[in-house]
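Worksheet: the structure to be examined is printed underneath.
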Amino acid sequence: MPGIWEVAGLDHPDQMIVEVKVAVPYSERVRQDEVLSVLPFGQKSLTVESGGMSVPGRAIAELNDKNDEMLIAVAAVTVLIEEAES
């Protein structure tokens, strides 16, 4: 995020607050630690809820697919910077 440090007055990117919200079928199966691990910086949080879509697809053996179900997730990532106190 080039330039964000200077504009926001940050000393380090871990000062950003990163909120992720995901809606997906079978929400209880989401491996939350794995989702958060791909975010390189920030104070991270994840909210998972039921949603998304499940549609017919085609199983691909090389991808270890177990059935013809294709799952669609909807995700939003919000990055916040706490306002410095005056």
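Here, each number is a calculation from the coordinates, and none is a lab measurement. Quick caveat, the model's predicted, so the values are computed rather than measured. Note: ideal-geometry Cβ built from the backbone for every residue, glycine included; neighbour counts use all protein chains shown.
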* To do: Would you work out the charge dipole size for the chain about its Cα centre, treating the Cβ of every Lys and Arg as +1 and the Cβ of every Asp and Glu as -1, and quote it to the nearest 20 debye?
  => 420 debye
* With mean projected area of the Cα convex hull in nm² defined as stated, name the option among [x] 7.6; [y] 7.1; [z] 8.4 computed from the structure displayed. => [x]
